[in-house]
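A.B. asks: Before we start, here is the structure in question, set down as structure tokens.
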Amino acid sequence: MTIPAPPVENLANAADTLQITRAQRILRGLWTAPLSAKLGLLIIVVYVFVALFAPWIAPFGESEIVGKKYLPWGEEYFLGTDNLGRDMLTRLVYGARNTVGIALVTTVYAFILGGTLGIIAAVLGGWVDQLLSRMVDVLMAIPALIFAMLLLSIFGTSVLSLILIIGLLDATRIFRITRAVSLNVVVMDFVEAARLRGEKLAWITLREILPSISAPLAAEFGIRFCFVFLTISALSFLGLGIQPPTADWGSMVRDTADLITFEDYTPLIPAAAIAVLTIGVNFVVDWFLHQTSGLKDEL
């Protein structure tokens, strides 16, 4: 018995379906995203744009003293000046590059360190898992902000020290979540099959485990970025974060805090910049978690 060939129209439709690229799927998801997610994406795009083009957007140099201290808002100095006579708008714009950029680098470093060790602990198990887990428990037993202040006081407050110390402390949280989700994957049949084929640890990690845990790790990246961002701002406010004359939103709040006494709310502007970015990232993370969980909005 001869099996009839499928209609040409069906083959054409199938080919068209296969040609839908990943970028098109992402754009379709963004188009159907809720208003909160679109607002969050808009906030992130604006902050990234300001950070990348800060030298062209800012009216003055980053550390340039342009007038007397604590000048009021006006046409010449849109947001006034700080305690040294530097333009507040300029410092705010450069603060986006420094604060957000350092937070992003720190988060990436923390994910590389914590994620790699978490997957290794889950795959190897045994004494390797126990050793890494107990070391992480010791680090997590100390409050992160206090521990960071202690280490920065010992090793100095350079940008490199800030990245390495905060990244190390945040890597402990990433280790825990990576290990937890990886433990659910390493017992799957496809991972066991890869082991029986004689695949190496690196191949199993990159081709089998990592794609299966990418969704929760991507969501955790957004959440962890917010925590790192707030930690750096808090340390700068306390004088142990990004050091002057580098512009930073946390130190800007500290430098102009005296203005609150005179009912001048200029210090709230860099504080609002910190809060708005945190809210925007959380909006996007919530939407991404909803998308990857498989849940759908009820009509």
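The numbers here are math on the coordinates, done by the rules we state, and not lab data. Since the model is a prediction, treat every value here as computed from it, not as a measurement. Cβ placement follows ideal geometry from the backbone for every residue including glycine, while neighbour counts extend to all protein chains displayed.
A.B. asks: So what is the relative contact order for the chain, in percent, with contacts set as C-alpha pairs under 8 Å and at least six apart?
C.D. replies: That works out to 22 percent.
A.B. asks: Once you put a point 7 Å from the Cα of GLU263 and another 7 Å from the Cα of ILE154, both along the Cβ direction, what distance in nm separates them?
C.D. replies: 4.9 nm
A.B. asks: Gain in length, TRP56 to HIS290, computed as 0.36 nm per residue apart minus the alpha-carbon separation, to one decimal in nm?
C.D. replies: Stretched out fully, the TRP56 to HIS290 stretch lengthens by 80.5 nm.
A.B. asks: Evaluate the distance, in nm, between pseudo-label points positioned 7 Å from the Cα of VAL46 and of ALA218 along their respective Cα→Cβ axes.
C.D. replies: 2.5 nm
A.B. asks: Between TRP73 and LEU124, how many nm apart are label points set 7 Å from Cα along the C-beta direction?
C.D. replies: In this crude label model, TRP73 to LEU124 measures out at 5.7 nm.
A.B. asks: Here's a follow-up. Which is the longest stretch in the chain that no exposed loop site breaks, taking sites as chymotrypsin sites (Phe, Trp or Tyr not before Pro) with a DSSP loop state and at most 15 other Cβ atoms within 10 Å?
C.D. replies: Excluding the exposed sites themselves, the longest stretch runs over 79-264.
A.B. asks: Could you calculate the FRET efficiency of LYS200 with VAL276 from 1/(1 + (r/R0)^6), where r is the beta carbon distance between them and R0 is 35 Å, rounded to 0.05?
C.D. replies: With R0 = 35 Å, the Cβ-Cβ based efficiency is 0.15.
A.B. asks: Expressed as a rounded percentage, what relative contact order does segment 157-299 have, with Cα pairs under 8 Å and six or more residues apart?
C.D. replies: After rounding, I find 22 percent.
A.B. asks: What value, in deg cm²/dmol to 500, does the helix sum -39500 (n - 2.57) over DSSP H runs of n ≥ 4 give at 222 nm once divided by the residues of the chain?
C.D. replies: -22000 deg cm²/dmol
A.B. asks: Provide the gained length on full extension for the span ASN184 to ARG207, in nm with one decimal, where the gain is 0.36 nm per separating residue minus the Cα-Cα distance.
C.D. replies: Residue separation times 0.36 nm, minus the Cα-Cα distance, leaves 6.7 nm.
A.B. asks: Just to verify a number: FRET efficiency for ILE112 and ALA144, C-beta to C-beta distance, R0 = 22 Å, to 0.05?
C.D. replies: 0.75
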